[in-house]
Amino acid sequence: MLNGVNIENPPPGRLLVAVSGGPDSTALLLALHEAGQQEIVAAHYDHALREGSDVVARQVEQLCHRLGIGLLTERRDEPMPNGSLQAAARTLRYAFLERARVEAKAEWVAIAHTADDLVEGVVLHLLRGCGLAGLRGMPACRGRFVRPLLNVWRREVREFLAQRGIVPYEDPANLESRFARVRARHHILPALERDRPGITHRFHAAALAAARLHETAVAGGALPETLKRLYVEAGGPEPGLSRRHLDAMRRLVEEPGRGGRGVDLPGGLRFRIVGELMRVVPSRQRSPAAPRLEVRSCAGCDDRDAVHLRAGLQLHVGFRRPGLRLRPAGGRGTRKLQDIFVDARVPREDRDAWPLVFAGDSLAWVPGHAVAADLVPARGEPAQHVALTPMPVPPALKVVRLETRLGDLS
């Protein structure tokens, strides 16, 4: 297995190793230690999603103590963000790893994704539809995050640990078929392998080839040309972007980060990243006009564009102002409106124009994202059906999927 660990990547410098306690991250920590990597610090994030997660944290601590490796740990003490469980856990985990990297004064963060993880990601991307960037799967390096095990198979990891008498933690979530990655691992890929023996390794080889092509396309100027075309198609003058603008846009594309990020451009335009999309939009939105509020009695329905609030509330439409917060139904604790917008990836320039529904002075509903738990009627209690016409949606001006465009240009 040591032959497969790409210890030339990460580059020289202090290395923070993300250690969940599972087979892959445990093997990565041991392999780097045995390979003589001197400046190593480990980091463990306890998602506190399962009983006994504290036991896993102690096992990681004991391993690091035996190896003489420093360890930074953190346990989740805040509500999970909205969205899928896996995506929410990943958001919290990567935020912790970035904090730990700064605290440890590390240059790089090593993540223990293996060749199997790479193939599973490629299969999921292909099922959804993707271009060159999706076919490469997860990159070996993105920003400060590196993946030294992308040429190491899970079978090799287990053999490596067995030879050393190490029994790692096995996450039960890796057997839950409600997760798409688990279905790819235990159902889709085995079925393909039975029909076409060796296809898993061919997927891996194709992903590595796609990664090389993608790197060549970006380094060779395809990305800057895409950014220029996106700007011109949105109404920007040509030529209109300086090297400084292009460098700022490129950094935004290549560095991981949260939604709502953007770069102001000439001609009253703004480049922004929302999820996996690049957009160029007007930097200033027109003054918002309040949509029509529709309220009627309702015994209960499944209208996804509406909510049900307690009867008798005096409702009206307004827009955001400082200090707004609510306790979302289905969540825990009170949240700032700003945090709700950030988690929902509502672009910064859209937030002032996003209509809100108030009950008196209290925020009752953030359309499309959250409703106040204390204003939701109990079962059998009189309710009013509340809807907005039109419902707010993020503008779809000049939307380009980065991976599709890069694939076309390669």
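Okay, here's what the table says:
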| read-out | value |
| --- | --- |
| Output for the stretch 100-123, where each listed residue is touching a residue at least 12 places away in the same chain (Cβ under 8 Å), part of a helix (DSSP H, G or I) and open to solvent by 20 Å² or more (accessible area, probe 1.4 Å) | Arg101, Glu103, Asp116 |
| Criterion violated by Ala35 - all others in (1) at negative phi; (2) at pLDDT 90 or above satisfied | (2) |
| Residue tally, condition without any contact (Cβ under 8 Å) to a residue 40 or more places away in the chain and in a loop (DSSP other than H, G, I, E, B), over the stretch 124-146 | 2 |
| In the stretch 14-54, residue nearest to Glu107 (Cα to Cα) [restricted to those that are surrounded by fewer than 16 Cβ atoms within 10 Å (Cβ to Cβ) and over 27 Å from the mean Cα position of the chain (by Cα)] | Glu39 |
| Set Ala48, Ala42: member being farther than 17 Å from Leu16 by Cβ and hydrophobic (A, V, I, L, M, F, W, C) | Ala48 |
| Qualifying strands (runs of 3 or more DSSP E) (wholly inside the stretch 283-391; at least 3 residues being crowded, with 16+ Cβ neighbours inside 10 Å and within 29 Å of the chain's Cα centre (by Cα)) | 362-366 |
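The values are calculated or read from the model by the stated rules, or taken from the named source; none is laboratory data. What you see is a predicted model; the values in this text were computed from it and never measured. Using ideal geometry, Cβ is built from the backbone for each residue, glycine included, and neighbour counts are taken over all protein chains shown. We work out accessible area using only protein heavy atoms, side chains counted, and drop any ligands, DNA or RNA first. Shrake-Rupley method; radii C 1.70, N 1.55, O 1.52, S 1.80 Å.
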